[in-house]
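Engineer: Dropping a structure here in structure tokens format, bear with me for questions.
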Amino acid sequence: MTEESKQLNHCSFCGNSKEVVKKLIVGDNVAICSDCVELCQELIVDENVEPEKQEPQYDPQAIKDFLDEHVIGQDEAKVVLSVAIANHYKRINNPPKDLEIQKGNVLVIGPTGSGKTLLAKTAAKYLKVPFVVADATSLTEAGYVGDDVESMITMLLNAANGDKQLAERGIVFVDEIDKIARKGESTSITRDVSGEGVQQALLKLVEGTVCRVASQGGRKHPGTDMNEIDTKNILFIAGGAFVGLKDIIGNRINGTSIGFNASVKDTKVEGDLGKVGPEDLTKFGLIPEFIGRFTTTVSIKELSKEQLIHILTDVKNNYVAQYKYLLKLDGIELTFTTEALDQIAENTLKLKTGARGLHSEIERVLMPHMFHTKKYRENDIKVINIDRDNVLEPKALI
Ligand SMILES: Nc1ncnc2c1ncn2[C@@H]1O[C@H](COP(=O)(O)OP(=O)(O)OP(=O)(O)O)[C@@H](O)[C@H]1O
Ligand SMILES: [Mg+2]
């Protein structure tokens with residue numbers, strides 16, 4: 001066979017012969033198989049999309065679609081959050097001339113480990129804006145020991161690599177906001193003044209003010225660059241678990257108030273976080289001025305067992321894929337039976353830490369196997385199939 005005729009019987013790209021490929025398209029001294037055509041098509045389509053260069057769309061549906069890829073469930077929260085975010089960025093990109101549109105910050109409430117921080121972080125990723133998480137409990141009023149509230153803006157400027165304009169469009173997530181609530185609406189003697197003080201200190205910042213912050217690691221004079229940052233376009237998202245808020249909502253809706261009469265305790269009805277009103281938040285201990293600056297309230301729900309299983313297996317960067325990858329590095333294939341996944345989710349539910357518990361659960365189950373990978377290799381064990389018994393009682397195969 002001449003070299004030329006060999007080429008025409010083989011794909012010039014992958015070298016496969018026409019017998020093994022679906023179709024071989026032959027041209028002048030060149031041939032390409034259907035598999036390589038498909039691959040080229042993918043490469044070209046990918047190139048045309050150029051995801052990094054595309055401007056994000058401020059369309060709530062597009063934002064929600066992106067959130068759906070990373071966050072399981074929480075549908076209502078995603079809708080409300082997407083609309084709030086779209087409106088915020090539409091407003092700052094097209095500032096109205098004779099009209100003042102008030103900034104609306106967002107309050108996210110719901111149980112621990114259910115996606116509050118993840119939702120905000122994913123939204124920031126979609127918007128390609130800098131994002132920081134600050135812990136409200138570490139904040140203090142100016143003059144007290146601790147981080148004053150403006151430290152959050154310093155963090156944001158650093159997250160934007162010192163780019164002032166980018167920082168001014170960023171998102172600050174203030175976590176554990178419920179922990180700075182004062183202790184009770186009418187208990188002025190025992191009330192937690194420091195928590196209220198931090199709320200007061202946050203007011204100006206979340207509404208919009210200019211603060212002077214030093215950008216650490218400034219290119220020329222590290223630590224000495226002072227920047228004036230206007231916070232009026234920074235989106236603040238405050239999040240908290242608000243334990244006890246359901247009871248407050250339930251009591252309001254059912255027309256009773258705590259301590260009104262002794263039997264109330266016995267007939268306590270848990271309220272729905274979705275029905276939260278400003279009065280409930282005041283009762284919880286947020287000051288009205290603070291609540292007034294968070295115009296959108298997003299409530300998220302406890303994750304169900306099915307949702308936990310989805311998080312384990314379906315979400316981008318899911319835990320199962322992560323551990324499969326790790327074990328593959330040792331030449332071991334990892335599989336889980338449906339019952340095993342069900343049991344891991346069941347155990348996680350009991351921990352009451354939301355999806356956060358999944359990580360420790362899967363670690364616990366795989367620990368003996370991961371410890372013995374060398375032994376497995378020596379004994380030619382190439383597959384680990386985790387079933388329900390392995391979850392109930394994790395132990396090595398040998
Ligand atoms: N709905 C979800 N979909 C996918 N992953 C989730 C979801 N909720 C939580 N997770 C996973 O659990 C981890 C913790 O979630 P996240 O930090 O959002 O919890 P949170 O609601 O902010 O809790 P906390 O009140 O304790 O701050 C995330 O990093 C993610 O891996
Ligand atoms: Mg959080």
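The values are calculated or read from the model by the stated rules, or taken from the named source; none is laboratory data. It should be emphasised that the depicted structure is a prediction, and the values quoted were computed from it without experimental measurement. Backbone-built Cβ (ideal geometry, glycine too); neighbour counts: all protein chains shown. Areas reflect the complete protein model, heavy atoms only, side chains present, ligands, DNA and RNA absent. Shrake-Rupley method; radii C 1.70, N 1.55, O 1.52, S 1.80 Å.
Engineer: Expressed in whole Å with the largest first, what are the equivalent ellipsoid semi-axes of the stretch 11-124 derived from the C-alpha gyration tensor as the square root of 5 times each eigenvalue?
Structural biologist: They are 48, 20, 9 Å, listed largest first.
Engineer: Before rounding to the nearest 500, sum -39500 (n - 2.57) across all DSSP H runs of length at least 4 in the chain and divide by the residue total; then give [θ] at 222 nm in deg cm²/dmol.
Structural biologist: The per-residue figure over the chain is -13000 deg cm²/dmol.
Engineer: Taking only protein heavy atoms into account and a 1.4 Å probe, give the accessible area per residue of the chain in Å².
Structural biologist: 56 Å²
Engineer: Roughly what angle does helix 34-49 make with the longest principal axis of the chain, taking Cα atoms, 0 to 90 degrees, to the nearest 10?
Structural biologist: 30 degrees
Engineer: Let me ask something else about it. Given a Förster distance of 22 angstrom, what is the FRET efficiency for Lys375 paired with Glu333, based on the Cβ-Cβ distance and rounded to 0.05?
Structural biologist: The calculated FRET efficiency here is 0.85.
Engineer: Just to be sure I understand: with springs between alpha-carbon atoms less than 10 Å apart, which residue in Thr338, Thr295, Thr209 has the highest mean-square fluctuation in the Gaussian network model of the chain?
Structural biologist: Of the options given, Thr338 has the highest mean-square fluctuation.
Engineer: I'd like the Karplus ³J(HN,Hα) series for the stretch 149-161: coefficients 6.51, -1.76, 1.60, θ = phi - 60°, whole numbers in Hz, and an x wherever there's a Gly or Pro.
Structural biologist: Once rounded to whole Hz, the list reads 4, 5, 4, 5, 6, 4, 4, 5, 5, 5, 5, 8, 6.
Engineer: Okay, next question. Calculate the radius of gyration of the Cα atoms of the stretch 60-116 to one decimal place, then report Dmax, the largest Cα-Cα distance, as a whole number, both in Å.
Structural biologist: 13.5, 43
Engineer: To the nearest 0.05, how large is the calculated FRET efficiency for Thr117 and Asp28 if R₀ is 56 Å and r is the Cβ-Cβ distance?
Structural biologist: The pair Thr117/Asp28 has a calculated efficiency of 0.45.
Engineer: With a ≥ b ≥ c the root eigenvalues of the C-alpha gyration tensor of the stretch 322-398, is it rounded (a/c under 1.5), prolate (a/b larger than b/c) or oblate?
Structural biologist: Prolate, since a/c reaches 1.5 and a/b exceeds b/c.
Engineer: May I pose another question? Per residue of the stretch 324-337, what does 6.51 cos²θ - 1.76 cosθ + 1.60 with θ = phi - 60° give for ³J(HN,Hα)? Whole Hz please, x for Gly and Pro, Karplus curve as stated.
Structural biologist: 4, 5, 4, 6, 4, 4, 9, x, 10, 8, 10, 10, 10, 7
Engineer: With a Cα-only, solvent-free Debye model of the chain, what are the log10 I(q)/I(0) values at q = 0.12 Å⁻¹?
Structural biologist: For the requested q values the scattering log ratios are -1.09.
Engineer: Here's something else I'd like to know. Which three extents, in whole angstrom, do the alpha-carbon atoms of the stretch 341-385 cover along their principal axes, largest first?
Structural biologist: 40, 17, 11
Engineer: I've got another one for you. Stretch Met226-Lys324 to full length: gain in nm at 0.36 nm per residue minus the Cα-Cα span?
Structural biologist: Taking Met226 through Lys324 to full extension adds about 30.5 nm, to one decimal.
Engineer: While we're here: Can you list residues whose amide H is under 5 Å from Val298's amide H, if they're 5+ apart or on another chain and H is modeled 1.01 Å from N?
Structural biologist: Leu107, Val108, Ile109
Engineer: Looking at the calculated P(r) for the stretch 263-398, what percent of the C-alpha pair distances fall above 18 Å?
Structural biologist: Here the tail beyond 18 Å accounts for 65 percent of pairs.
Engineer: Run the simple label-point estimate for Asp68 and Leu8 please: 7 Å along Cα→C-beta, distance reported in nm.
Structural biologist: Once both label points are built, they end up 5.0 nm from each other.
Engineer: Comparing Glu339, Glu38, Glu363, which has the greatest mean-square fluctuation in the GNM of the chain with Cα pairs linked when under 10 Å apart?
Structural biologist: Glu38
Engineer: Taking H as built 1.01 Å from N, whose amide H comes closer than 5 Å to the amide H of Ile386, not counting residues under 5 places away?
Structural biologist: Thr335, Phe336, Thr337
Engineer: Also, I was wondering about something else. Just the number, please: carbon plus sulfur as a percent of the accessible area of the chain, 1.4 Å probe, no ligands or DNA/RNA counted.
Structural biologist: 52 percent
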